[in-house]
Amino acid sequence: MYLPEFYSSADIDVLEKHTCSELFICTGGRMGLLLSEDGVENEVILQPGEAVMVKAYHNGFRIDREGFFMVVEQTSFSTEYVDRKTGRIFPHED
């Protein structure tokens, strides 16, 4: 279960990308995903019951307070992050 901390894509500073695809299933209310591929950002708005497979840099946001995502992903993967302002890519540090 993924409950984004953001209520608008404008609030998102960092996007993440895994070495595997993720399936986002919208549940409980409208939800949004901010995607970035080849430097081009795109907002995807999902209604409850809709799903999208994500391979690009991304981060989520809630449109409706009661919304959340069910996310299906592999159990083993690595993650890298990109700063939206600078474009700087950095690996996840444990």
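Available extension along the chain between D83 and M70 is 2.2 nm, counting 0.36 nm per residue and deducting the alpha carbon span.
Ranked by the mean number of other Cβ atoms within 10 Å per residue, highest first, peptides 12-20, 35-43 order as 12-20, 35-43.
Once a ≥ b ≥ c are taken as the square roots of the eigenvalues of the Cα gyration tensor of the range 1-77, is the result rounded (a/c under 1.5), prolate (a/b larger than b/c) or oblate (a/b not larger than b/c)? Because a/c hits 1.5 or more and a/b fails to exceed b/c, the range 1-77 counts as oblate. Loop-resident GluC sites (Glu not before Pro) (DSSP state other than H, G, I, E or B) in the range 62-94 with no more than 15 further Cβ atoms inside 10 Å of their Cβ: E66, E73, E93. To the nearest Å, what is the center-to-center distance of the range 76-92 and the range 6-69, using C-alpha atoms only? Taking the Cα centre of the range 6-69 as reference, the centre of the range 76-92 is 16 Å away.
Here the relative contact order of the range 1-47, from alpha carbon pairs under 8 Å that lie six or more residues apart, stands at 31 percent.
We did not get these values from a lab; they are worked out from the coordinates using the rules stated. Computed from a predicted structure; not experimentally measured. Counting neighbours? That spans all protein chains shown, and the Cβs are built from the backbone with ideal geometry, glycine included.
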